[in-house]
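Read through the structure below, which is laid out as structure tokens, and then see the notes.
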Amino acid sequence: MMILSGDPPRSRVLTLVLLVIILALAATPFLFPGAKALNVAAKICVFAALVASYDLLLGYTGTVSFAHTMFYGIGSYAIAIALYGMGPNWGAVATGIVVGLPLAALLALAIGLFSLRVAAIFFAMITLAVASAFQVLASQLSWLTGGEDGRSFQLPELLRPGTVLISKSVFGFEINGRILTFYLVFAISALMILVLLRVVNSPFGRVLQAIRENRFRAEALGFRTVFHLTYANCLAALVAAGAGILNALWLRYAGPDTSLSFSIMLDILLMVVIGGMGTIYGAIIGAAIFILAQNYLQSLMGVASKAASEAGLPLLPGLLHPDRWLLWLGLLFIASVYFFPTGVVGRLRHGGGDKSAGASH
Amino acid sequence: MTDLLKLSGVHTHIGRYHILQGIDLAVPQGQVTMLLGRNGAGKTTTLRTIMGLWQASSGEITLGGERIESRATPDIARLGVGYVPESMAVFSDLTVKENLMLAARDGPLDDTQLDWIFGFFPALRRFWLSRAGSLSGGQKQMLSIARAIIEPRKLLLIDEPTKGLAPAIVMALIECLKEIKRKGATILLVEQNFFAARELGDSVLVMDNGTIVHRGEMAALAADVPLQERLLGLSLEAHQ
């Protein structure tokens, strides 16, 4: 309860789903062999933290920002440039973190102070403009960022796949640098989500929720809402940059497509909506559903299409053809928004009862 | 008696509309000043202008001798002004407890004050951990008032607290406001319910078309039916 900041999932089904996801992620290196499974699991971890940080903005303050991938990109590029420039050592990792995180926070502070006073739609537009400018800048400064090709780099010795930490003869599994990196990604993502959970359940989080509902009413109670919104913006940017660092460490690469593109921003938005806004837990579920669908729907459809064709069913083999996976992914999203308008977490919590009534204080 | 709040020559424009057209008023310390008037007279705009939610385009507003017309809303609130907007303005996603904690700006809740509030509004104790959005209209209004009085305030601005409430709840609210008044609070109260106005008001200001058209003792207005009809188009008796 302490670790969840007094905000448990409040639904048995939700608790079960979350436990299954977290345990499956934790056991991925041993349960699901192969590089693809580990990649998918690491991506789920990174995106769960990234989406949770976006939920702090969208779900808890009602602020729509399109600059979230920019902060994610700043983290990615900072670590990539440091490791590329300084070589694969821990000093470079530390430099990337020390430069990337404050840079993201300072930029978020500047955007917040200049634009959070204005109406929400203008803030969204300003973030869109800043993020576009940053994307152009990243591709133009090719001497630093590697341009469209991005930057590939090597990790410090300890995190390399070739580094065997525990040989197969001890547990029957080999623990190498790659698995260590995975657990680093897993643990830091979990830590960032727990910190966000703590933030939203603190007095500060309550003010954010009040601002989301009615900014003027919150001001009439004496809260300087620009300060609160800017602070939330900086916190979200820090976590996004943290997720960017983890993503780059995992991929050993940072480039426009993996860390800055607007398609990532759309993915984040979809994950928040599918999981459930204003819940933090929704980020874990949204990221898991979305990334699993993105990676396995095509092969699942291949199997289904083959089975349907072997059974001699009309129309179905064509409809389920793996090439049509994007159509089905789209339908899956429409269905999830239609059936879970408050997201999966909202639906499950609603089914499990609201904040309970009590007689004492 | 000293005036806690003074407005002199206050004009407020909302877009191209000139709503407040030179308001002069004073709210004496420790008294309940009623602000009456027809719909659209500018009563809510007056409260919102005092609170800084609308910026006065000209004129002076002083609170305890300090100019506040250019101050931001949070600063005015921190000077000790509690505002209860109309339409049951609670934070519906937060619990009753969280709403009150927010109003106390996350300082510790004073148990004695809380018990005093629960004495008037037992429903708030019953639904302490329920979402404010799930409360009935009357309970939301109780919470809205409780939020304004959970901390000691120099001045309370209350906008139509009895609007749309059942008679029994109106009586409970009047009793609560009377008790707050007995404790020495200074209140500027906008009210359409004349019974409530007569029960609570020490002095009265009547607005029309963005100006104050009458000022005097509430008891005198309550006793003068022709004056009520002239100023408000209604008589007090018709509303009892």
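The values are calculated or read from the model by the stated rules, or taken from the named source; none is laboratory data. No experiment lies behind these values; they were computed from the predicted model shown. We place every Cβ from the backbone using ideal geometry, glycine too, and count neighbours over all the protein chains shown.
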Worksheet item: Taking into account only those residues within region A:34-74 that are closer than 23 Å to A:Gln209 by Cα and among the hydroxyl-bearing types (Ser, Thr, Tyr), which is surrounded by the fewest Cβ atoms within 10 Å (Cβ to Cβ)?
Response: A:Thr63
Practice prompt. Answer yes if at least one residue in region A:303-319 is modelled with pLDDT of 90 or more, more than 23 Å from A:Leu137 (Cβ to Cβ) and not in a helix (DSSP H, G or I), and no otherwise.
Written response: no
Discussion item. Suppose we filter region B:37-73 for residues that are more than 9 Å from every other protein chain (Cβ to nearest Cβ), in contact (Cβ under 8 Å) with a residue 40 or more places away in the chain and among the hydrophobic types (A, V, I, L, M, F, W, C); how many remain?
Written reply: 7
Worksheet item: Of all residues in region B:109-129, which are in a loop (DSSP other than H, G, I, E, B) and either buried (at least 17 other Cβ atoms within 10 Å of the Cβ) or facing chain A (nearest Cβ under 9 Å) (or both)?
Response: B:Leu109, B:Phe121, B:Phe127, B:Trp128, B:Leu129
Practice prompt. Among the numbered conditions (1) surrounded by 20 or more Cβ atoms within 10 Å (Cβ to Cβ); (2) closer than 29 Å to B:Ala41 by Cβ; (3) more than 8 Å from every other protein chain (Cβ to nearest Cβ); (4) in contact with a Ser or Thr (Cβ under 8 Å, 6 or more places away or on another chain), tell me where B:Ala132 comes up short.
Written response: (2)
Discussion item. Scan region B:146-154 and tell me whether some residue there is in contact with a strand residue (DSSP E or B) (Cβ under 9 Å, 6 or more places away or on another chain), within 13 Å of chain A (Cβ to nearest Cβ) and among the small types (Gly, Ala, Ser).
Written reply: yes
Worksheet, complete the sentence: If we keep only residues of region B:23-63 that are aliphatic (A, V, I, L, M), in a strand (DSSP E or B) and within 13 Å of the chain's Cα centre (by Cα), then the residue surrounded by the fewest Cβ atoms within 10 Å (Cβ to Cβ) is B:Met34
Fill in: Neighbours by Cβ (under 6 Å, 6+ apart or cross-chain): first from region A:9-23, of a type in the set (A, V, I, L, M); second not in a helix (DSSP H, G or I)
A:Leu18/A:Pro9
Worksheet entry | Scope region A:163-208; condition within 30 Å of A:Asn247 (Cβ to Cβ) and touching a Phe, Trp or Tyr at 6+ places or on another chain (Cβ under 6 Å); matching residues | A:Phe173, A:Val185, A:Val200, A:Leu208
Discussion item. Condition (residue is farther than 21 Å from B:Lys163 by Cβ and in a helix (DSSP H, G or I)) applied to region B:65-73: is it met by at least one residue?
Written reply: yes
Worksheet item: Given A:Leu113, A:Leu165, A:Leu128, which one is under 22 Å from A:Pro88 (Cα atoms) and either of a type outside the set (S, T, N, Q) or surrounded by 15 or more Cβ atoms within 10 Å (Cβ to Cβ) (or both)?
Response: A:Leu165
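Just one of B:Gly184, B:Gly164 is at pLDDT 85 or above and either outside any helix (DSSP H, G or I) or surrounded by fewer than 24 Cβ atoms within 10 Å (Cβ to Cβ) (or both); which is it?
Being at pLDDT 85 or above and either outside any helix (DSSP H, G or I) or surrounded by fewer than 24 Cβ atoms within 10 Å (Cβ to Cβ) (or both) holds for just one of B:Gly184, B:Gly164, which is B:Gly184.
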Practice prompt. Inspect all residues belonging to region B:211-219 and state whether any of them is under 28 Å from B:Ile19 (Cα atoms) and in a helix (DSSP H, G or I).
Written response: yes
Worksheet item: If you go through region A:270-288 one residue at a time, do you hit one that is within 30 Å of A:Arg198 (Cβ to Cβ), in contact with a helix residue (DSSP H, G or I) (Cβ under 9 Å, 6 or more places away or on another chain), surrounded by fewer than 20 Cβ atoms within 10 Å (Cβ to Cβ) and in contact (Cβ under 8 Å) with a residue 24 or more places away in the chain?
Response: yes
Fill in: Filtered residues of region B:74-108 (kept if hydrophobic (A, V, I, L, M, F, W, C), within 15 Å of B:Leu143 (Cα to Cα) and either surrounded by 20 or more Cβ atoms within 10 Å (Cβ to Cβ) or at the interface with another protein chain (Cβ under 8 Å from one of its Cβ atoms) (or both))
B:Val84, B:Met88, B:Ala89, B:Val90, B:Phe91, B:Leu94, B:Val96, B:Leu100, B:Met101, B:Leu102, B:Ala103
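If you take the residues in region B:20-77 that are polar (S, T, N, Q) and touching a Gly at 6+ places or on another chain (Cβ under 6 Å), which one is nearest to B:Val206 (Cα to Cα)?
Going through the qualifying residues, I end up with B:Gln21.
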Worksheet item: So how many residues does region A:197-226 have that are facing chain B (nearest Cβ under 9 Å), in contact with an Asp or Glu (Cβ under 9 Å, 6 or more places away or on another chain) and in a helix (DSSP H, G or I)?
Response: 9
Practice prompt. Taking A:Met277 as the residue in question, decide whether it is in a loop (DSSP other than H, G, I, E, B) and either within 14 Å of chain B (Cβ to nearest Cβ) or on the phi < 0 side of the Ramachandran plot (or both).
Written response: yes
